[in-house]
1. Could we say that Gly205 is in the same structural domain as Ile153 (by TED's automatic domain parsing), at positive phi and touching a Ser or Thr at 6+ places or on another chain (Cβ under 9 Å) here?
2. Any residue that is more than 18 Å from Arg139 (Cβ to Cβ), assigned to a loop (DSSP other than H, G, I, E, B) and charged (D, E, K, R) - is there at least one of those in region 158-180?
3. Just the residues that are part of a strand (DSSP E or B) and over 19 Å from Pro18 (Cα atoms), please, taken from region 193-202.
4. How many residues, within region 5-37, are in a helix (DSSP H, G or I), of a type in the set (D, E, K, R) and either closer than 17 Å to Phe67 by Cβ or in contact (Cβ under 8 Å) with a residue 24 or more places away in the chain (or both)?
5. Between Leu149, Leu93, Leu159, which is within 18 Å of the chain's Cα centre (by Cα), surrounded by fewer than 18 Cβ atoms within 10 Å (Cβ to Cβ) and of a type in the set (A, V, I, L, M)?
6. Take region 203-256 and flag every residue that is within 17 Å of Leu21 (Cβ to Cβ), in contact with an Asp or Glu (Cβ under 6 Å, 6 or more places away or on another chain) and among the aliphatic types (A, V, I, L, M).
7. Of all residues in region 199-234, which are over 18 Å from the mean Cα position of the chain (by Cα) and either free of Cβ contacts under 8 Å to residues at least 40 places away in the same chain or buried (at least 17 other Cβ atoms within 10 Å of the Cβ) (or both)?
Amino acid sequence: MTIDIQALIIQRPHLKDPLELYARWQRFHQEAAELLPKERSALAAEDSKAYSRESAGDVFRLFASIFDLPSEAFEPLCRALEEGSVDFMRLPLDEIPAFPAIGCSEDEMAAILFLLSRPYFLALRQAFPLDGSQWEEGRCPLCSAHPALATIIEGPKRLLHCSFCGTSGSYRFIGCPNCGTEDVKKLNTIVSEDEAGFRVVTCDGCKSYVKIVESTALKDMTIDLVDIASLPLDIIAQEKGYMRRAPNPISLKKMD
């Protein structure tokens, strides 16, 4: 049985705040799903790059309510969504639209848009399931995001996981998925005695890292919860000068 958030908080009280934030996102996802079109054809439309103009305003107001955003301050974003001028498919490529009137930094806007857009990406995955597909150049075959983390399965085989749409797929066993190098001299492993079942593979070629999760951890936790539960390893890797290329389920890349 998959562990729930409250049980995980009891086990890992140091992660109470990020787990409670994730619980908010789960509520948003569940309620937003009721506002989105169910037909695959709606997501396949040529102009489908975010929420439909009919649902965008309602989805944004739901998001603002759950995450306690001041609706008036974020009106430019809501209006842009309703006008269809925000392209969610550019977000995994780190192309973040600017809204100067809102007064957010680029990192803050990237975090907001990630949390806001994820129900769209998860609906896209349901409409176009590509699980098991090869990750060409280390990018998600559905939305082109960098991997959030990886798991090792029998073979041995490495699977990469997307934090935007949730798609999982294979990538070559040796090599950095972020820059493609196969030079083992540039690849190193970080292990923490306090984080059993998790490790980090770093790349000195591009100064990035990817967390590796043993498949046994997935018996008790979803990929999202595994990513949050292993957050202390993100901190260790980043203190050593390596960067995370894809956000975790609560939008964090930098563990400040």
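1. On the way: in the same structural domain as Ile153 (by TED's automatic domain parsing): yes; at positive phi: no; touching a Ser or Thr at 6+ places or on another chain (Cβ under 9 Å): yes.
For Gly205, the condition - in the same structural domain as Ile153 (by TED's automatic domain parsing), at positive phi and touching a Ser or Thr at 6+ places or on another chain (Cβ under 9 Å) - is not met.
2. No - not one qualifying residue is present in region 158-180.
3. Of region 193-202, the ones part of a strand (DSSP E or B) are 198-202.
The answer is Arg199, Val200, Val201, Thr202.
4. The initial filter retains those residues of region 5-37 that are in a helix (DSSP H, G or I), namely 5-11, 13-33.
Then drop every residue that is not of a type in the set (D, E, K, R), which leaves 16-17, 20, 24, 27, 31.
So of that shortlist, the ones also either closer than 17 Å to Phe67 by Cβ or in contact (Cβ under 8 Å) with a residue 24 or more places away in the chain (or both) come out as 17, 20, 24, 27, 31.
Residues flagged as in a helix (DSSP H, G or I), of a type in the set (D, E, K, R) and either closer than 17 Å to Phe67 by Cβ or in contact (Cβ under 8 Å) with a residue 24 or more places away in the chain (or both) within region 5-37 amount to 5.
5. Among Leu149, Leu93, Leu159, only Leu93 is within 18 Å of the chain's Cα centre (by Cα), surrounded by fewer than 18 Cβ atoms within 10 Å (Cβ to Cβ) and of a type in the set (A, V, I, L, M).
6. Once the filter is applied, which keeps residues that are within 17 Å of Leu21 (Cβ to Cβ), in contact with an Asp or Glu (Cβ under 6 Å, 6 or more places away or on another chain) and among the aliphatic types (A, V, I, L, M), region 203-256 yields only Met255.
7. We begin by selecting, within region 199-234, every residue over 18 Å from the mean Cα position of the chain (by Cα); these are 199, 201-207, 214-217, 219-220.
Arg199, Val201, Thr202, Cys203, Asp204, Gly205, Cys206, Lys207, Thr216, Ala217, Lys219 - these are the residues of region 199-234 that are over 18 Å from the mean Cα position of the chain (by Cα) and either free of Cβ contacts under 8 Å to residues at least 40 places away in the same chain or buried (at least 17 other Cβ atoms within 10 Å of the Cβ) (or both).
Residue by residue, here is whether (1) charged (D, E, K, R); (2) closer than 30 Å to Leu218 by Cα holds:
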site	(1), (2)
Arg12	yes, yes
Ala32	no, yes
Leu81	no, no
Ser105	no, no
Ala111	no, yes
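The values are calculated or read from the model by the stated rules, or taken from the named source; none is laboratory data. As the structure is a prediction and not an experimental result, all values here were calculated from the model. So basically every Cβ, Gly included, is an ideal-geometry build from the backbone, and we count neighbours across all protein chains shown.
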